[in-house]
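Enquirer: The following block contains the structure, expressed as structure tokens.
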Amino acid sequence: MQLVVARIGRAHGIKGEVTVEVRTDEPELRLGPGAVLATEPASAGPLTIETGRVHSGRLLLRFDGVRDRTAAEALRNTLLIAEVDPEETPEDPEEFYDHQLIDLDVVTVDGTEIGRIAEISHLPYQDLLVVRRPDGGEVLVPFVGEIVPEIDLEAQRAVIDPPAGLLDGAAGEAESGEAESGEAESGDGSA
């Protein structure tokens, strides 16, 4: 199975180094010297990491055969892709690969069915679970422990404890009409 582990950014200096936007929780494993990575677009690779270092909080990589700024700049926005065994799991039991989360059923702590995880959106400060509702709508759930207290891979389920209002926006247009007429809150605790 192939996983995107980084995106190449700007060239750094004149000797072929590039900045990378890391998209893995295991950069030391996936982006270490000697790692051979496929690329998107495929015509840019495969690329073999020659060296890596951290500079001002950014990971800098140099690839075999990339010796100057021009060659490094030509790689900008290229995705780096690692081959990963589908049975492999992260070392930390609280971490998951995207492919493990896709298609999990999503339920609230009281058992209410919400939908299925359609994708994971990786934002700079947190990840979001994109949950497709049975009615075709979507809800974005911040992937943090307070809101997603349990991931059960054996049961193929993610349990969420949504704060007030998180699921309201995904309920659809029918409820928005009720909200405008002042009938949105029923007082029975249902959301």
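The values are calculated or read from the model by the stated rules, or taken from the named source; none is laboratory data. Predicted model, so just to flag it, every value in this text is computed and none were measured. We place every Cβ from the backbone using ideal geometry, glycine too, and count neighbours over all the protein chains shown. Accessible surface areas use protein heavy atoms only, side chains included; no ligands, DNA or RNA. Shrake-Rupley method; radii C 1.70, N 1.55, O 1.52, S 1.80 Å.
Enquirer: With charges only on Cβ, +1 for K and R and -1 for D and E, what is the dipole size of the chain about its Cα centre, in debye, rounded to 20?
Expert: Magnitude of the dipole: close to 1840 debye.
Enquirer: Run the numbers for residue 135 and residue 76: contour at 0.36 nm per residue of separation, minus the present Cα-Cα distance, in nm.
Expert: Computed gain between residue 135 and residue 76 is 17.3 nm.
Enquirer: A further question follows. Quick check for you: which residues of region 1-27 have the amide N under 20 Å from the point 7 Å beyond the Cα of residue 56 toward its beta carbon?
Expert: 7-22
Enquirer: Follow-up. Which is the longest run of the chain containing none of the trypsin sites (Lys or Arg not before Pro) found in DSSP loop states (not H, G, I, E, B) with at most 14 other C-beta atoms within 10 Å?
Expert: 77-191
Enquirer: Turning to a different aspect of this structure: With 10 Å bins from zero, work out the P(r) of the chain over every alpha carbon pair and list the percent per bin.
Expert: Computed distribution, short to long bins: 8, 30, 25, 19, 13, 5, 1.
Enquirer: I would also like to ask the following. Please report, as a whole percent, how much of the solvent-accessible surface of the chain comes from carbon and sulfur atoms (probe radius 1.4 Å).
Expert: The computed percentage sits at 48.
Enquirer: In addition: Can you pull the one-decimal nm distance between simple spin-label points at residue 22 and residue 64, each 7 Å off the Cα toward Cβ?
Expert: So the two model labels end up 2.4 nm from each other.
Enquirer: Considering only the other residues whose Cβ falls under 10 Å of the Cβ of residue 6, what net charge follows from Lys and Arg at +1 and Asp and Glu at -1?
Expert: +2
Enquirer: Okay, next question. Put a dot 7 Å past each Cα toward the Cβ at residue 103 and residue 40; how far apart are the dots in nm?
Expert: Between residue 40 and residue 103, the simple spin-label model gives 1.8 nm.
Enquirer: Place +1 on the Cβ of every Lys and Arg and -1 on the Cβ of every Asp and Glu in the chain, take the dipole about the Cα centre, and give the residue among 102, 160, 136 whose Cα lies farthest towards its positive end.
Expert: Selected residue: 102.
Enquirer: Run the quick spin-label model on residue 150 and residue 85: label points 7 Å from Cα toward the beta carbon, then report their separation in nm to one decimal.
Expert: 2.9
Enquirer: State the extension gain, in nm to one decimal, for the chain segment bounded by residue 113 and residue 10, taking 0.36 nm per residue of separation less the distance between their alpha-carbons.
Expert: Gain in length upon complete extension: 32.7 nm.
Enquirer: Related question: So with the 1.4 Å probe, I'd like the accessible area per residue for the chain, rounded to whole Å².
Expert: 60
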